[in-house]
Amino acid sequence: EGFLKAQLQTSIGFQQQNNFDSSITILERLIAEINKGNLEGDLHYHLGFTYYRSGDNQKAIENLIKAVDFYKDKHDYDGLILSYCKLADVFEADAQHAEAAIYKNRSITLLPKIKRPYAKIYSLSVLSSIYYDMRKTSPGNIDSSIVFAEEAFRLMKEYGYYVKANRILNSISDAYY
């Protein structure tokens, strides 16, 4: 499993460098090899995330839903909330507001069950962004965006996890603006 995790990290590195083809190739090969192993949910999540970043929302949705199914079966709430948040993000970016709201609400319902700081901070950050994007449908969403962003920033300070602090502070600033 160590080798598979290393390959997963390699694919994430390619995705972060906008080398989507290499990332997708690695992830699809790993999914074909893994046969319901413990990393299956992570592989589908990252493949969905990569497809989203590459502009293929349909394949992103397909893989994120596979990740959701895996995480539900394993009662992996951290993976589940990350997948729900990314699905909400993809649907909102695709102007499918009703679908985005469904996954946003599922994410919010799961928040109390999330223990790992990264999963909670990332989820709060994405939820803030989704509410910000939904401000056009209801002006009250901007207040929700601020609430989620401020909670994410509070947790960042508490855990010393400042990787996304700039993004969170920009989100708060944009919402107030």
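The values are calculated or read from the model by the stated rules, or taken from the named source; none is laboratory data. If you're wondering where the values come from, they're calculated on a predicted model, not measured in any experiment. Cβ: placed from backbone, ideal geometry, glycine included. Neighbour counts: every protein chain shown. Accessible surface areas use protein heavy atoms only, side chains included; no ligands, DNA or RNA. Shrake-Rupley method; radii C 1.70, N 1.55, O 1.52, S 1.80 Å.
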Could you pull the accessible area for K115 with a 1.4 Å probe, rounded to 10 Å²? 150
Rank T137, T50, T10 by accessible area, highest first, at a 1.4 Å probe radius? T137, T10, T50
Using a 1.4 angstrom probe on the protein heavy atoms only, could you order F91, F3 from most to least accessible area? F3, F91
How large, in Å, is the range 116-172 by the Kirkwood hydrodynamic radius built from its alpha-carbon pairs? 11.0
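Using r as the Cβ-Cβ distance of E33 and T10, and R0 as 22 Å, what FRET efficiency do you calculate, to the nearest 0.05?
0.95
Taking Cα pairs under 8 Å and at least six residues apart, what relative contact order does the chain come out at, in percent?
Over the chain, the number comes to 13 percent.
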Considering only C-alpha atoms, what is the centroid distance from the range 1-72 to the range 135-152, in Å? 30
Among rounded, prolate and oblate, which fits the range 1-92 when a ≥ b ≥ c are the square roots of the eigenvalues of its C-alpha gyration tensor, a/c under 1.5 means rounded, and a/b larger than b/c means prolate? oblate
Measure of size requested: the Rg and Dmax of the range 71-177, with Cα atoms as the atom set and Å as the unit; please supply both. 13.1, 42
